[in-house]
């Protein structure tokens, strides 16, 4: 192997990372200012608005962390499971299936038990919840244990026979002691900003790649646990994975660059902080929408609204994609066109919906501001 192809774990200083704090001091200060601003704004909300913010953020984190890996989870099922497991109120949602319940349990354990030590057994339990059938697609994998075998663990892209190897993880024989070193470091108090600790842990874990599959999702779950430690609360009000998904290509470029580099991880930490800053700014914008939504339901707490109507109104507040039409209504609610029309007309009569001003071939509807 040429010098240019040496991976980060083959460096003589591994895993003793170094960085230049002055290179990202402004970004870190901005992140910490935004964290304080967000938590301060949320603290002025009523309990219902706070619960709504948590439900949105945790659901988005789970959905988008899976989507980074190409897995699409049912949004309603995830929200239903998050609401149930966190004891939050959310009506008009379906019961989540067994798999989604397991995926949500992993994140809920990480953020609600953020003060509990991170152990190999805890990680094994998370892994088993992500792969309840013991398979990744068609392939049987080792579940609830570190990866084994002589085959190199590679991150590849491209069609079979023409693959590009982006990274090769340490041999499986090295995983147990590397993970013990990682867990000891994570569980110990470090003389660094806790957000920087989360950035380093993210790169460190994913570079070991200790499982047959699911390393990315578990890595981002560990990051959420460490961000909960940084915030000193289990209440999550922003989603890092949502921002990573938006910049997914760059995420992999930055990881690959760091994993091919030396012990200096300044560039990776800088990218992580910049992405976290964007996630916090997005969350601050969303708080305004949460206030609108909670205020709406308080004003209409005595208004007769059926479950179909409640579901669509919530979707409109949560960021409905495209325009709401009667045909979309009946597809969302699995009802007849006549039922959809009656539901919509009823909400218009109650001053909740209105026909959109632009008109067009098919009438669309918006919330009355």
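When every residue of the range 338-350 is checked against the conditions, none turns out to be assigned to a strand (DSSP E or B), touching a residue at least 40 places away in the same chain (Cβ under 8 Å) and outside the structural domain of residue 239 (by TED's automatic domain parsing).
The single residue among 78, 82 that is without any contact (Cβ under 8 Å) to a residue 40 or more places away in the chain and farther than 21 Å from residue 229 by Cα turns out to be 78. Taking the conditions (1) touching a helix residue (DSSP H, G or I) at 6+ places or on another chain (Cβ under 9 Å); (2) closer than 30 Å to residue 38 by Cβ; (3) assigned to a loop (DSSP other than H, G, I, E, B) in turn, residue 292 satisfies each one other than (3).
If you check 358, 321 for being assigned to a loop (DSSP other than H, G, I, E, B), surrounded by fewer than 17 Cβ atoms within 10 Å (Cβ to Cβ) and under 21 Å from the mean Cα position of the chain (by Cα), only one passes: 321. Within the range 239-251, is even one residue assigned by TED's automatic domain parsing to the domain that holds residue 124, part of a loop (DSSP other than H, G, I, E, B) and at pLDDT below 95? No, every residue in the range 239-251 fails to be assigned by TED's automatic domain parsing to the domain that holds residue 124, part of a loop (DSSP other than H, G, I, E, B) and at pLDDT below 95. Scanning the range 210-230 for residues that are in contact (Cβ under 8 Å) with a residue 60 or more places away in the chain and closer than 22 Å to residue 154 by Cα turns up 210, 211, 212, 213, 214, 216, 217, 218, 220, 221, 222.
Taken over the range 46-72, residues that are surrounded by fewer than 21 Cβ atoms within 10 Å (Cβ to Cβ) and under 21 Å from residue 128 (Cα atoms) amount to 7.
Of the numbered conditions (1) within 23 Å of residue 202 (Cα to Cα); (2) crowded, with 20+ Cβ neighbours inside 10 Å, residue 79 fails exactly one; give the number of that condition. Result: residue 79 fails condition (1) only. Within the range 295-306, none of the residues are at pLDDT below 95, touching a strand residue (DSSP E or B) at 6+ places or on another chain (Cβ under 6 Å) and surrounded by fewer than 18 Cβ atoms within 10 Å (Cβ to Cβ). Of the residues 218, 192, 200, 208, the single one that is surrounded by 21 or more Cβ atoms within 10 Å (Cβ to Cβ) and closer than 23 Å to residue 21 by Cβ is 200.
Would it be correct to say that residue 172 is more than 26 Å from residue 61 (Cα to Cα), surrounded by 14 or more Cβ atoms within 10 Å (Cβ to Cβ) and out of contact with any helix residue (DSSP H, G or I) (no Cβ under 7 Å at 6 or more places or on another chain)?
Working: more than 26 Å from residue 61 (Cα to Cα): yes; surrounded by 14 or more Cβ atoms within 10 Å (Cβ to Cβ): yes; out of contact with any helix residue (DSSP H, G or I) (no Cβ under 7 Å at 6 or more places or on another chain): yes.
Criteria met by residue 172.
The values are calculated or read from the model by the stated rules, or taken from the named source; none is laboratory data. Everything quoted here is computed from the prediction, not taken from an experiment. So basically every Cβ, Gly included, is an ideal-geometry build from the backbone, and we count neighbours across all protein chains shown.
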